[in-house]
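One structure is given below, encoded as structure tokens.
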């Protein structure tokens, strides 16, 4: 009897405590920039695709929900011919972002991806690619890589000496 | 055997080997770069440092390079010694100073020996903050991509290319830290084995340019053990697929056949599988029909009666057998032209009844005197030419042994041997790439070569029939008599029975091993299925006795002159063709049924060595099926059932069953995975079509699964889809699949030899020769073979097609000027061709490139006329 009354009393007291329920969707919660939500592909400061189709995100993915195919443009720049994420399988672990050597793939603080049809959860490159640099501004893989691409010849990357003259015998 | 103490524990090792070789054989992870099991040690990279102690009381020890230290009895070494570990980490750090930040866009990434060794030594942070050295790249042709920045100067490429494969146009240029590996200028790599640089290079300097077009990482490819289809050597390959297209071929080590290396035709010819010319759906009179309708049509055609089957030397044993079963033994024809069929039958007869052993490629490398008769080996069976190149080194090995230089010490052996080579004699129609290492060459038309061969046999053993006086024959006879392991290489490519007989006579006279090169991947198997020749089928049709002809994976226009084939097709009311490519024959078919290529089917090929070897589906076929399945009409549902029916009909092929374990084979209850355990994209690669993943296809024909799920243990040799072991992602993982490094695979090398010589008695052929020059204005037109062009399937491969020469006619110096247009009339056909001068051709002898359209199908050698076009 006492137990029942004390429970009712405690419930009554809760009427005066601070509410924690967020009135979603009218009210949006704060999500940190490093929140692991919807995955995007970013671009570098020059507007070029950051993804170089190295397949590391795909291999890091524990549920194998990333598939892509590498291609190379006329200037020698690698890019994904297609890039597909099956979000109906994605567990938002963020391993793909950890594995990405070019900061191309990033997880964002957006989780509002509900769909009535599973098929709509398959995102292609045009659904993933954004126009900005995302969380990591200022990095451009091609400026530190050794391969030559259009607009950046051998020896023009960061901390690179000019190309060697193989005909020279100077020490 | 010797005992070596490694980190205090005794191990039994081979005292004739070096420490690195033995440490790897024992399963230690000792990093290395410049050493290669087939190339030996040079001690250039300093990566395999270990500590060696004088005796058990020595605590200081000294750093030695394991690859150039003999595994002597009682040696005490330490791999884990802190000083040795630090030394190795320091070497890697040094090598990485200039290594570019390329791994994400480098095609070697994920199968890079440099990555593996960097991880193995624990180097993970770059301290060096200064500028990196850079190089300009070269365009090395359609096969090999060059990215020189990545080089770590291990010298493996030039050691393979120049010393092992005999190439000349790749070398180390420049000096000190700017040593550059490349050509004098941009251009196609000349050597026929340039593709091996991709595997020999421990990092991404040389990568596969055809893979680059549809790049996929090693871990994402679906592999199956396969057999090369581009010549009769039977090299073992691993074929890799992704998204329904074949992506690349890599070497699959086989100690007795291809060892570590493939030729470029074998490595890059695979692209025909992805060609636009593929037949993907059944067609009746040009209109697409369903597979069921096609089967029904085929059934009706057979039931109508008077159907014949024309097999193919490029179709599997099972497919040929299925056709023979369907058409009936009396109505099965091999699909090989009359003359070629006689040559192959003669070869089979010599190998079965004669006293000569067919050597494996590994045995060829150990031969100390070689005669090549009538065969341009580099162009007809390139991998064998690479073995012959190693055979001529036997003399330098003998010299090194006398000087007590261990044979693995590559530089030492080369210094000791200098230019000394074992005798190699090359008797061919035109000059060959082996001439440069030959001690003697002979040029002539096939009958002159045969005559010369008979003379050599007679000079060795006077019981052999003579054929005329050739002064050079005596020297060759002496060299062969003096050799411990002589070898004769000949074959069917110059279209002469007399040449084959001459080769048999020489081999019998001196007790040599005897290797015959046959034209295609299953020529011997097809001949062993026993059917009439193509000409017999043509005659039958001409008599009006054929209602339906079923042509199995065979372009008849490559077997016989076009007018003959046209006449045959005209005589056959119903032509049914099963093929993977839309050939000229397939274009004329009433019913065309798609056939799986080697990558989409399972079956068995019999190589020139007589070795039956199994190949498996690389990826689940999409609509196309194995020809044996189509032709079986439901008789067989698995490959094992076909193989079970084979012995009763063809006892000679009974042992082909044992070429690989049956589909029931399991390792601890599990199948063998075709994919790497970290293969990616399973739930996304088909999600654009349907978000629900399809069921994994089942392979009833092999113990391999179409997934990443499979046994943890390493499979037996015939079933190895790809080489990988923990810590060894590159092709160097091969080491961990061998009994000892460079030796046979664990569980034995795959395949069974169907032909073993039985006789002890010599029985010489009496030569019959045709006289030449011919009367009147006739020319003798002989074939010249091209590594890129003479093989049918690789003609449809994109990269190989770039290097196929345009049709030409070669003549000697005196008749026509270079590039003159001439009219060549041969076998009832006329061709307008430019002239190429090959000065070694005699008067009134001309040569046509064999197999290059539109010249394919001409029965060469043949008489014809050549006139200048005014």
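The values are calculated or read from the model by the stated rules, or taken from the named source; none is laboratory data. Here the structure is a predicted model, which means the values were calculated and not measured. Glycine gets a Cβ as well: all are built from the backbone with ideal geometry, and neighbour counts include every protein chain shown.
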* **Among residues of region B:107-117, those that are closer than 19 Å to residue B:148 by Cα and either touching a helix residue (DSSP H, G or I) at 6+ places or on another chain (Cβ under 7 Å) or assigned to a helix (DSSP H, G or I) (or both), counted** => 7
* In this structure, is residue B:407 part of a loop (DSSP other than H, G, I, E, B), touching a helix residue (DSSP H, G or I) at 6+ places or on another chain (Cβ under 7 Å) and at negative phi? -> yes
* To do: For region B:715-830, please list each of the strands (runs of 3 or more DSSP E) lying entirely inside it that holds at least 2 residues being within 30 Å of residue B:465 (Cβ to Cβ).
  => B:779-784
* Among residues belonging to region B:637-665 that are assigned to a loop (DSSP other than H, G, I, E, B) and more than 18 Å from residue B:329 (Cα to Cα), point out the one that is nearest to the chain's Cα centre (by Cα). => B:660
* Residues of region B:834-862 that turn out to be in a strand (DSSP E or B) and surrounded by fewer than 23 Cβ atoms within 10 Å (Cβ to Cβ), as a count -> 5
* Asked: Is at least one residue of region A:103-117 free of Cβ contacts under 8 Å to residues at least 60 places away in the same chain, within 15 Å of residue A:37 (Cβ to Cβ) and crowded, with 18+ Cβ neighbours inside 10 Å?
  -> no
* Find the residue count for region B:669-684, including only residues that are away from chain A (no Cβ under 14 Å), surrounded by fewer than 21 Cβ atoms within 10 Å (Cβ to Cβ) and under 24 Å from residue B:728 (Cα atoms). => 1
* Residues of region B:524-550 being out of contact with any helix residue (DSSP H, G or I) (no Cβ under 6 Å at 6 or more places or on another chain) and within 20 Å of residue B:603 (Cα to Cα), which ones? -> B:524, B:530, B:531, B:550
* What about residue A:126, is it surrounded by fewer than 19 Cβ atoms within 10 Å (Cβ to Cβ), at pLDDT 95 or above and within 24 Å of the chain's Cα centre (by Cα)? -> yes
* To do: Sort through B:100, B:142, B:104 and tell me the only one that's within 8 Å of chain A (Cβ to nearest Cβ) and assigned to a loop (DSSP other than H, G, I, E, B).
  => B:100
* Could you check how many residues of region A:82-102 are away from chain B (no Cβ under 14 Å) and buried (at least 18 other Cβ atoms within 10 Å of the Cβ)? => 1
* Across region A:129-150, what is the number of residues that are closer than 18 Å to residue B:147 by Cα and either surrounded by 12 or more Cβ atoms within 10 Å (Cβ to Cβ) or within 9 Å of chain B (Cβ to nearest Cβ) (or both)? -> 9
* For region B:708-723, does any single residue satisfy the condition of being surrounded by fewer than 22 Cβ atoms within 10 Å (Cβ to Cβ) and within 14 Å of chain A (Cβ to nearest Cβ)? -> yes
* Hey, could you check region B:685-696 for residues that are within 36 Å of the chain's Cα centre (by Cα) and within 11 Å of chain A (Cβ to nearest Cβ) and say which is farthest from residue B:110 (Cα to Cα)? => B:686
* Asked: Among helices (runs of 4 or more DSSP H) lying entirely in region B:282-353, which contain 2 or more residues that are surrounded by fewer than 19 Cβ atoms within 10 Å (Cβ to Cβ), touching a residue at least 24 places away in the same chain (Cβ under 8 Å) and at negative phi?
  -> B:291-303, B:338-353
